[in-house]
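Below is one structure, written out as structure tokens, with a few remarks after it.
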Amino acid sequence: MWRNQSVITEFILLGFGELHHLRIFLFLIFLVIYILTMAANLLTLLLVVTAQHLHTPMYFFLGNLSCLETFYSSTILPRILASLLTGDKSMSVKGCITQLYFFAFLVSTECYLLSAMSYDRYLAICKPLHYTTIMNSRLCIQLVLGSWLNSIVFTSVFLGMVLKIQFCGPNEIDHFYCDSLPLVQLSCTNISLVKNVTVIVSFVFTFPPFLLTLTSYVYIITAILRIPSTTGRQKAFSTCSSHLIVVSIFYGALIIVYLVKDLSKLFSLLYTIFPPVANPLIYTLRNKDVKDILRKAAGKIMRNHV
């Protein structure tokens with residue numbers, strides 16, 4: 001099937017070509033971001049797995065999100081780092097399509113996981129008396145498995161369409177990773193069917209989780225505003241504020257990328273590179289349980305070394 005990709009064997013990712021004089025500086029920045037991303041998400045995952053009192057639906061979803069974002073960052077950042085370090089901007093057609101597949105798969109999965117987390121917060125705030133009954137371990141597992149499996153179906157259909165495209169030249173992609181739109185535009189065959197099917201499939205598989213997330217927060221905000229006391233409103237809002245910030249950054253950047261084409265490369269950074277490192281920090285800095293565990297662990301380590 002790979003032989004259908006015609007005469008072109010590699011693409012040139014222009015990336016940050018206009019900033020070539022800052023190549024080493026950018027390499028160091030992205031290296032720090034990647035190290036922080038891996039450390040923060042792996043630490044979050046470790047805490048969720050080992051701390052008994054974090055074995056709740058919210059942290060179960062957060063653990064899955066952290067696991068996803070370690071793969072998410074590793075799909076894009078190592079290739080950027082290699083390009084900045086060596087100056088080699090080439091990428092094979094197979095490598096480019098493989099990166100696109102895993103990127104689309106993980107973005108789609110994140111949409112579903114964020115939606116599941118928003119539903120969890122909706123139940124916690126709007127239906128607190130029924131929360132433990134509804135959001136049981138079985139439903140949590142079903143929501144997470146559904147997130148991963150739906151994304152596999154979506155990206156498999158998407159990949160099937162991309163593999164039908166032939167590339168004959170030019171082979172330059174004005175981006176720092178293999179995104180779908182710049183890649184499809186390089187095709188030398190009729191791509192109208194591919195573009196239409198891709199739009200339809202993307203809408204069918206990604207709009208419902210976005211709509212569920214949006215609907216959940218409409219109900220959440222309405223319920224919070226009905227709480228008579230200021231303290232009660234603040235306490236209720238604090239239970240979902242971290243997730244709301246994460247959702248706002250992710251969907252805000254995603255929408256801007258596809259609406260403002262001139263800034264697509266800049267805003268792509270906001271939902272491909274920064275959320276994986278920002279999300280665990282947001283949840284950690286705004287979560288008392290996690291901060292308490294980290295303080296106790298740090299105190300124990302210091303006592304052992306005294």
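The values are calculated or read from the model by the stated rules, or taken from the named source; none is laboratory data. Given the structure is predicted, the values throughout are model-derived calculations rather than measurements. Every residue, glycine as well, gets a Cβ built from its backbone with ideal geometry; the counts of neighbours run over all protein chains shown. Ligands, DNA and RNA are stripped out before the accessible areas are found, and what is left, the full protein with its side chains, is counted by its heavy atoms. Shrake-Rupley method; radii C 1.70, N 1.55, O 1.52, S 1.80 Å.
Observations
- The condition of being without any contact (Cβ under 8 Å) to a residue 60 or more places away in the chain, under 30 Å from T222 (Cβ atoms), out of contact with any strand residue (DSSP E or B) (no Cβ under 6 Å at 6 or more places or on another chain) and among the polar types (S, T, N, Q) does not hold for T50.
- Those helices (runs of 4 or more DSSP H) lying entirely in the range 180-247 with at least 1 residues within 24 Å of L100 (Cβ to Cβ) and free of Cβ contacts under 8 Å to residues at least 12 places away in the same chain: 180-184, 192-225
- The range 52-65, subset at pLDDT 90 or above and either over 19 Å from the mean Cα position of the chain (by Cα) or of a type in the set (S, T, N, Q) (or both), residue nearest to D292 (Cα to Cα): P57
- Any hit, the range 155-165, residues being within 28 Å of T75 (Cα to Cα), in contact with a His (Cβ under 8 Å, 6 or more places away or on another chain) and not in a loop (DSSP other than H, G, I, E, B): no
- Residues that are within 25 Å of V246 (Cα to Cα) and basic (K, R) within the range 116-173 comprise R121, K127, listed in sequence order.
- Residue list for the range 71-90, restricted to those being crowded, with 18+ Cβ neighbours inside 10 Å and either among the hydroxyl-bearing types (S, T, Y) or out of contact with any Leu (no Cβ under 6 Å at 6 or more places or on another chain) (or both): Y72, S73, T75, I76, L77, R79, I80, S83
- Qualifying positions in the range 59-96 - among the aliphatic types (A, V, I, L, M), assigned to a helix (DSSP H, G or I) and either touching a Phe, Trp or Tyr at 6+ places or on another chain (Cβ under 8 Å) or under 16 Å from L281 (Cα atoms) (or both): L62, L65, L68, I76, L77, I80, L81, L84, L85, V93
- Subset of the range 191-217 [within 14 Å of F154 (Cβ to Cβ) and surrounded by 14 or more Cβ atoms within 10 Å (Cβ to Cβ)]: V197, T198, V201, S202, F205, T206, P208, P209, F210
- Against the test of being open to solvent by 20 Å² or more (accessible area, probe 1.4 Å) and within 26 Å of P209 (Cα to Cα), the options Y34, Y59, Y112 yield a single qualifying residue, Y112.
- Filtering the range 171-183 to residues that are more than 14 Å from M91 (Cα to Cα) and surrounded by fewer than 17 Cβ atoms within 10 Å (Cβ to Cβ) leaves only L181.
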